[in-house]
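The values are calculated or read from the model by the stated rules, or taken from the named source; none is laboratory data. Keep in mind that what you see is a predicted model, and the values were worked out from it rather than measured. Glycine also receives a Cβ, built like all others from the backbone with ideal geometry; neighbour counts cover every protein chain displayed. Accessible surface areas use protein heavy atoms only, side chains included; no ligands, DNA or RNA. Shrake-Rupley method; radii C 1.70, N 1.55, O 1.52, S 1.80 Å.
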Amino acid sequence: MENNDILIRLRYALDIKNTDMVEIFKLGGIDVTKDDVLKILTKPNDSYDDEDYYYDDLTEDEEYIKCTNSMLESFLNGIITFKRGKQEPKPGQPDSPPPAKSKESVNNLLLKKLKIALALTSEDMLDIFEKAGITVTKGELSAFLRKEGHKNYKQCLDKYARNFLKGLAIVYR
């Protein structure tokens, strides 16, 4: 699942307006315009040229902006601030959270940040998964929420992230 698809599904699930999307990106530390948000939320068209070469790089397309991992992480940090308010840093603590390791799964990061932003308990998250029609045990959920180096860490696959966003749409819509 691509980052743009995650943003599209998250926007639908939480019923976020375009102006709020701009504000959330700004709270996360990225300045985007409303037009940029619309380009990020546009699904790319698979295009072929005359010689039937597939263009993997769609950055030349003016109607599409690819969402990078750092953009998605900034958006998720912004949604935490948007939903819960700005937290005053404690003495000796950095103003903003450190960026996630580049190899950490985007899906794991999504679950962690949404749990914080929406003030969800583990039971709430399990209910969301259940409403989407997928069974996740407490142990599996705990493994998804662990740090990457932990012995019980488990990478969250796309099917779990997709179903979690589907369950969010059922609960919040």
> Say a paramagnetic label sat at a point 7 Å from the Cα of Val171, along Cα to Cβ; which residues of the range 108-124 have their backbone N under 13 Å from it?
Replying inline: 111-124
> Which value in nm describes the separation of the simple spin-label points at Tyr12 and Asp31, placed 7 Å from the Cα toward the beta carbon?
Replying inline: 3.3
> What's the long-distance tail for the range 133-173, i.e. % of Cα pairs beyond 13 Å?
Replying inline: 57
>> Per residue, how much accessible surface does the range 132-173 expose to a 1.4 Å probe? Answer in Å², no decimals.
In response: 60
>> Under 20 Å from a point placed 7 Å out from the Cα of Asp20 along the Cα-to-Cβ direction: which residues of the range 103-125 have their backbone N that close?
In response: 110-121, 125
> Once phi is turned into ³J(HN,Hα) by the Karplus curve 6.51 cos²θ - 1.76 cosθ + 1.60 with θ = phi - 60°, what whole-Hz value does each residue of the range 155-161 show in order, with x for glycine and proline?
Replying inline: 6, 7, 7, 4, 5, 6, 5
>> Checking the table Lys86/Lys147; Lys83/Lys154; Lys90/Lys112 against a 29 Å threshold on Cα-Cα, which pairs fail?
In response: none
>> Please list 3J(HN,Hα) in residue order for the range 78-91, calculated via the Karplus relation 6.51 cos²θ - 1.76 cosθ + 1.60 where θ = phi - 60°; whole Hz, with x for glycine and proline.
In response: x, 5, 5, 5, 5, 7, 10, x, 6, 9, 6, x, 6, x
> For the range 126-173, what's the relative contact order in percent, using C-alpha pairs closer than 8 Å and at least 6 residues apart?
Replying inline: 44
> At a Förster radius of 22 Å, what calculated FRET efficiency corresponds to the Cβ-Cβ distance of Lys159 and Lys131, to the nearest 0.05?
Replying inline: 0.90
